[in-house]
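The values are calculated or read from the model by the stated rules, or taken from the named source; none is laboratory data. The model shown is predicted, which means the values in this text are computed figures rather than measured ones. Cβ sites come from the backbone with ideal geometry, for glycine too, and all protein chains shown count toward neighbours.
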Amino acid sequence: MFRYITKEEFRVLTAVEMGMRNHEHVPAPLIESISKLSRSLCYKTLQTLLRNKLVGHDGQSYDGWRLTYHGYDFLALRALAARGTITAVGRRLGVGKESDVHYAQGPDGEVVALKLHRLGRISFRAIKEKRDYLRHRVHASWMYMAKLAAAKEFAYMKALKDEGFPVPSPIDQNRHVVVMSFVHATPLFQIRSLQHPHQALERLMRLVVRLLRAGIVHGDFNEFNLMLDKDEKITLIDFPQIVYNTHPNAEEFFDRDVRSIVEFFRKRLNIEVQEWPIFQEALKDEREASSDLQVPSFKDDALLVAAHEQSRARGDEEPQDDDDEDVEETFQPPSRVADDQGFQGLLDGVSRETLQEDCQLDEVLGGRGPGEDDAVVGTARPEPEDGEEKPAEDESESEEEEAPGQLNVNTGGRRVRKRQTAKEARANLQKQQKKPAKANNQKCKDTRRAKAEIKEWLS
């Protein structure tokens, strides 16, 4: 369905997203003002989006519209496709209490992982109390917190990868979506036996201590966020709950992480662990011994996220050290996409350059929104400079190609009703208003004759 969403529908989705910054339900006049569409076209577009469950409507207590997670997904996918990060999305890989993970295809045909944060589910609604996403704010929407969680995870993943930790390679992030490299490994909770269980246990304990000495505590270091490949090398995932080692609850989180691994090996592999790392001893060893790690202490998540967002916006890519074989990625993604992933292209029928033009908000919405870097809709044709001739328009192009929001989609010979544009709707309305209604003369004559008969009978 993503390929059939028109430019006007994306403009309305973006308008609803911008209105939700200070509205729980965005009124229709505000959506018309932001999207710069006519009232009739805006209402028609909202009804189409509502039918496809991309927006929600509340008409009982307050007449307004809200963005759903499906609509938020479409906005993020459109921005990522315009950047060239992904070209297709496949079937669902896994579902968690905070996010969904899908297969995706990169620009060169490689398989990547697409993680969509889904905060606010029934199973995990205590996130406002358990996580420090809101900082000093009291109220915020679930989508805003999902965006903060994605930005925090991308920043920590990039910092850990730069320092040589066994984590997936971060590729890109937009709104609540994080794109990372696909790791060919098995989650630890699905493993029933290991060839060298004691070595795997030792690696896990060294990893959790190494994270602490780097200045952070994972907070959810268990069998669901650890993956092992065929060589029993470890890959760590899921980073939104990371805290720094000076956090008031850092010692509690560290002990919980260690005990989770101890209990897993005791129940699953019948290995009794007599001694395990202790928070104070690990910190004491860190102060006595010099560490070569250059991971920052992460004392301010907001500063960390902002720094990585600025570096990603500038396009600065720091060279990664490939000499460390112990933390090398377990598998390289395959060069081509497998057929069983169910990929569906995002750019069918439209080029990437056209999509990049459609993802500019400066002309459509009058500039960027506050605190938003990613835009998703239409652009204006640049004016020629002085002395330059205007390019001649191709008269052979049909009205469907020139009309905004029309895409040439191969329908396989089926007849498809043409979607009426705003310009055509206004022209039809003007034609109807110019034609005055014709009076029914026969009906008027019959009425006058009946009145005359009644008057004559009464007299």
Any idea which of Gly96, Gly71, Gly59 is at pLDDT below 90, in contact with an Asp or Glu (Cβ under 9 Å, 6 or more places away or on another chain) and either closer than 27 Å to Lys7 by Cα or not aliphatic (A, V, I, L, M) (or both)? Gly96
Find the residue count for segment 11-39, including only residues that are of a type in the set (A, V, I, L, M, F, W, C) and either surrounded by fewer than 19 Cβ atoms within 10 Å (Cβ to Cβ) or in contact with a Gly (Cβ under 8 Å, 6 or more places away or on another chain) (or both). 8
Odd one out for Phe124 among (1) at pLDDT below 90; (2) buried (at least 19 other Cβ atoms within 10 Å of the Cβ): (2)
Pairs with Cβ under 8 Å, 6+ apart, first in segment 232-261 and in contact (Cβ under 8 Å) with a residue 40 or more places away in the chain and of a type in the set (Ser, Thr, Tyr), second buried (at least 18 other Cβ atoms within 10 Å of the Cβ) and part of a helix (DSSP H, G or I): Tyr244/Ala250
The lone exception for His117 - which of (1) modelled with pLDDT of 90 or more; (2) crowded, with 20+ Cβ neighbours inside 10 Å; (3) over 22 Å from Phe189 (Cα atoms) it fails: (3)
If a residue has to be among the β-branched types (Val, Ile, Thr) and part of a helix (DSSP H, G or I) to count, how many in segment 75-124 make the cut? 1
Looking at segment 2-39, which of the residues that are hydroxyl-bearing (Ser, Thr, Tyr) and touching a helix residue (DSSP H, G or I) at 6+ places or on another chain (Cβ under 6 Å) is farthest from Asn428 (Cα to Cα)? Ser35
Those residues of segment 40-56 which are surrounded by fewer than 17 Cβ atoms within 10 Å (Cβ to Cβ), in a helix (DSSP H, G or I) and among the charged types (D, E, K, R) amount to Arg51
Looking at Gln195 and the list (1) part of a loop (DSSP other than H, G, I, E, B); (2) surrounded by 18 or more Cβ atoms within 10 Å (Cβ to Cβ); (3) of a type in the set (S, T, N, Q), which single condition is not satisfied? (2)
Before we move on, is Arg51 charged (D, E, K, R) and without any contact (Cβ under 8 Å) to a residue 12 or more places away in the chain? yes
Any residue in segment 57-74 that is in contact with a strand residue (DSSP E or B) (Cβ under 7 Å, 6 or more places away or on another chain) and either on the phi > 0 side of the Ramachandran plot or in a helix (DSSP H, G or I) (or both)? yes
So is Ala104 within 14 Å of Pro168 (Cβ to Cβ), crowded, with 20+ Cβ neighbours inside 10 Å, at pLDDT 90 or above and in contact with a Gly (Cβ under 8 Å, 6 or more places away or on another chain) or not? yes
Which of the residues that make up segment 168-180 are of a type in the set (S, T, N, Q) and buried (at least 20 other Cβ atoms within 10 Å of the Cβ)? Gln173, Asn174
Helices (runs of 4 or more DSSP H) within segment 237-315 that include 1 or more residues modelled with pLDDT under 85 and among the β-branched types (Val, Ile, Thr): 301-314
Name the residue, out of Leu160, Leu188, that is buried (at least 20 other Cβ atoms within 10 Å of the Cβ), under 30 Å from Asp73 (Cα atoms) and touching a Leu at 6+ places or on another chain (Cβ under 6 Å). Leu188
Restrict the check to segment 198-210 and report whether at least one residue is touching a strand residue (DSSP E or B) at 6+ places or on another chain (Cβ under 8 Å), part of a strand (DSSP E or B) and surrounded by fewer than 23 Cβ atoms within 10 Å (Cβ to Cβ). no
